[in-house]
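Visitor: I'd like to ask you about the structure that follows.
Taken together, the values in this text are just the output of simple stated rules run on the coordinates, not laboratory data. Since the model is a prediction, treat every value here as computed from it, not as a measurement. Reconstructed Cβ throughout: ideal geometry from the backbone, glycine too, with neighbour counts over all protein chains shown.
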Amino acid sequence: MSDVLSLSQVKVPGMARSKDDAIREAGGILIDSGAVTPDYIDAMFEREQSVSTYMGNYLAIPHGTNESKDTIKRSALSVIRYDPPIDWDGNEVRFAMGIAGYQGGHMDILSRVAILFSDIDEVDKLIAARSAEELFNLLNAVNED
């Protein structure tokens, strides 16, 4: 598996101040990385309308629908940290991770992210990161085979 996360796909701090803008920001990074077509953002909004992508521990993982497979060129992740938090349907979100899984590759990525964010001490380290580089280094485990 090639790296799903590169430094250019990590943003600290994010510019969005609303859930919708955060979805656009996370999707925009995926588009800029060449992982998805612009239509993928529409699919991210469709997914959010059917089920919230808030995961707990300050994390939301906006992603497309099963029907959006043809808009994905390769598996990738975008990571944005927000200071201050964004209101995500009544939940505080500090991290929006846009995810695109090519040919089902997102399940492996999701499991690695879930393990990391299940430990609040690890989440605190991610919140304390002073730069995109530091955050990327803390998240680099998602790239390991």
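Visitor: List the residues whose amide H sits under 5 Å from the amide H of residue 11, counting only those 5 or more places along or on another chain, with H placed 1.01 Å from N in the peptide plane.
Guide: Sorted by chain and number, the residues that satisfy this are 79, 80, 81.
Visitor: For region 98-117 and region 14-56, what is the centre-to-centre distance using only Cα atoms, to the nearest Å?
Guide: Centre-to-centre (Cα) distance: 15 Å.
Visitor: Around residue 135, with a cut-off of 10 angstrom between Cβ atoms, what is the net charge of the other residues, counting Lys and Arg +1 and Asp and Glu -1?
Guide: +2
Visitor: To continue, here is another question. For each of 37, 53, count neighbouring Cβ atoms within 10 Å of the residue's Cβ, then give the residues from fewest to most.
Guide: 37, 53
Visitor: Count the net charge of all other residues whose Cβ sits under 15 Å from the Cβ of residue 126, scoring Lys and Arg as +1 and Asp and Glu as -1. Show your work: numbers first, answer last.
Guide: Details: positive: 11, 81, 94, 112, 125, 130; negative: 83, 92, 119, 121, 122, 124, 133, 134.
Around residue 126, the charge tally is -2.
Visitor: Another question, then. For q values of 0.11 Å⁻¹, compute log₁₀ I(q)/I(0) with the Debye formula on a Cα-only model of the chain, without solvent.
Guide: So the normalised log intensities are -0.34.
Visitor: Let me have the relative contact order for region 1-54, percent, based on Cα pairs under 8 Å that are six or more residues apart. Let's see the in-between values first.
Guide: Working: 24 pairs, mean separation 14.0, N = 54.
Relative contact order of region 1-54: 26 percent.
Visitor: Among residues other than residue 97 whose Cβ falls under 12 Å from its Cβ, what is the net charge (Lys/Arg +1, Asp/Glu -1)? Intermediate results must be reported in sequence, preceding the final value.
Guide: Numbers: positive: 11, 81, 94, 112; negative: 25.
Value of the local net charge: +3.
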